[in-house]
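Trainee: I have a structure here, written as structure tokens, and I will follow up with some questions on it.
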């Protein structure tokens, strides 16, 4: 039995990730018996000898192959740090990944991953809508470095997406496909398995097309892209994994070979997370499943209530998909839960949405998501405001849309807050026809 097997099994039983979050990768004997991993607030580490230092650098800079069971020794916190190493070990458990790399932000994970695998003349294909920062990176920054970008709507039928991938790969330029599913903020789904199959079919022996999935909305508990054929899974750890709105971080997970290349880029970009972020995230991982399960259950109650409200025009929630709906089959195969994100359109366009947002009392008006407190925001004018209005409409982002991240408050209290905020719409002038916003 390998060392990892001994750490994750009791007899023949493989322990669940939520159990392993308490201790996996950490030996209290190495830290004076502390039950929790200390914060290793240090920039550099002392070598036992010059020979040890030489050996560590040989591995770190790829001057020789790592020996069996040899790990990268502690050198400098830009390369490695105990808090990050233990955090990365634990993150791999949910997605059954070989390796993970942690960054100081979700955008750090996305940008470092992109610059690891893309070069001038390469092409990136991505689904829309995505997080606004991702959209800006892909549309404005990467092209300045000679990297072509193209996109497809998350609402496209799977057969059409497969054709788009085949067309984008025809000239040999396609190198990376980036998906965000469920899409932010519309909750539309992209079929990860179908995209991964199409990418594999369009790859050649010397030029593989990689598939990366931003799994922030459902992961790592409710969706596992690597098991569906994706090569990489990306997180804004700020959101559900962090879960307390007090840390900014990100991660990319995948095979040892791919993550090693990402970590090499990270070393020289300097985009790794610090020990404090690592410690905070280890704390949060211990309650991740409890929080996400509670948030998902409350979101279900609230989404069902919104669906029946006369002042709500539409609810965007995967849990309402029915057999025959466009996203139903993808949802059934790749999602373990609808998650805790609900978007909805109210009557009155932007004016109506702003009125509701301005009158919420328990729910906080703020961007971000996945925290213990419920947050609401207006995607069209906030997180996705750099997208032209006509493109927003094509993506399904309306002026009347509110994105709600459901926290761990009592769902009946959240409904009471939403009820009083929505009731105020009756006192304002709204457009004569539903959906018009002037």
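Read-outs: derived from the displayed coordinates by stated rules, not from any lab. Please read all numbers here as calculations on a predicted model, not as lab measurements. With ideal geometry, Cβ positions are generated from the backbone for all residues, glycine too; neighbour counts draw on all protein chains shown.
Trainee: For the chain, what are Rg and Dmax over the alpha carbons, in angstrom?
Mentor: For the chain, the Cα radius of gyration and maximum Cα-Cα distance read 22.7, 79 Å.
Trainee: I need the fraction of alpha carbon pairs in segment 356-420 separated by more than 14 Å, rounded to a whole percent. Present the calculation step by step, with values, prior to reporting the outcome.
Mentor: Details: 1192 of 2080 pairs.
Value for segment 356-420 (Cα pairs over 14 Å): 57 percent.
Trainee: Suppose we look only past 20 Å in the calculated P(r) of segment 1-126. What percent of the Cα-Cα pairs does that tail hold? Walk me through the intermediate numbers first.
Mentor: On the way: 4669 of 7875 pairs.
Summing the P(r) tail past 20 Å for segment 1-126 gives 59 percent.
Trainee: Compute the long axis of helix 50-60 from its Cα atoms, compare it with the longest principal axis of the Cα atoms of the chain, and write down the angle in degrees, 0 to 90, nearest 10.
Mentor: 40 degrees
Trainee: Using 7 Å Cα-to-Cβ label points, what is the residue 51/residue 35 separation (nm, one decimal)?
Mentor: Rounded to a tenth, the inter-label distance reads 4.1 nm.
Trainee: Oh, and also: Which parts of segment 328-364 would a label at residue 423 reach, counting a residue when its backbone N lies under 18 Å from a point 7 Å out along Cα-to-Cβ?
Mentor: Label zone hits: 347, 355-363.
Trainee: What angle, in degrees between 0 and 90 and rounded to the nearest 10, separates the Cα long axis of helix 256-269 from the longest principal axis of the Cα atoms of the chain?
Mentor: 90 degrees
Trainee: If you don't mind, there's one more thing I want to ask. For helix 349-359, report the angle its Cα long axis makes with the longest principal axis of the Cα atoms of the chain; keep it between 0 and 90° and round to the nearest 10°.
Mentor: 70 degrees
Trainee: Using only the alpha carbon atoms of segment 95-212, find the Kirkwood hydrodynamic radius as the inverse mean reciprocal pair distance, in angstroms to one decimal.
Mentor: When all Cα pairs of segment 95-212 are included, the Kirkwood radius is 14.6 Å.
Trainee: In nm, to one decimal, how far is the residue 393 label point from the residue 381 one, both placed 7 Å along Cα→Cβ?
Mentor: Computed distance between label sites residue 393 and residue 381 equals 1.8 nm.
Trainee: Taking 0.36 nm per intervening residue step and subtracting the Cα-Cα distance, what contour gain separates residue 12 from residue 163 on full extension?
Mentor: Here the segment from residue 12 to residue 163 would lengthen by 49.8 nm.
Trainee: If segment 289-427 were replaced by its equivalent ellipsoid, with semi-axes equal to the square roots of 5 times the Cα gyration tensor eigenvalues, what would those be, largest first, whole Å?
Mentor: Equivalent-ellipsoid dimensions as semi-axes: 22, 19, 15 Å.
Trainee: While we're on this one: Starting from a Cα-only point model with no solvent, please compute log10 I(q)/I(0) by Debye for segment 1-49 at q = 0.13, 0.16, 0.25, 0.27 1/Å.
Mentor: Debye curve over Cα of segment 1-49, log10 I(q)/I(0) at q = 0.13, 0.16, 0.25, 0.27 Å⁻¹: -0.46, -0.64, -1.01, -1.07.
Trainee: So for each of 234-245, 328-339 I average, over its residues, the number of other beta carbons within 10 Å; can you give me the resulting order with the highest mean first?
Mentor: Output ranking for 234-245, 328-339: 234-245, 328-339.
Trainee: Compare the peptides 6-15, 342-351 by average per-residue count of other Cβ atoms within 10 angstrom and give them in order, highest first.
Mentor: Working: 6-15: 10.3, 342-351: 23.2.
Most protected by this proxy first, the peptides run 342-351, 6-15.
Trainee: Could I ask something else about it? What does the highest-first list of 308-317, 284-293, 123-132 look like by mean Cβ count within 10 Å?
Mentor: Those peptides, ordered most packed to least, come out 123-132, 284-293, 308-317.
Trainee: Ok, one more. State the extension gain, in nm to one decimal, for the chain segment bounded by residue 244 and residue 96, taking 0.36 nm per residue of separation less the distance between their alpha-carbons. Mind dumping the intermediate values first?
Mentor: Working: separation 148, 0.36 × 148 = 53.28 nm, distance 2.46 nm.
Full extension of this stretch gives 50.8 nm more.
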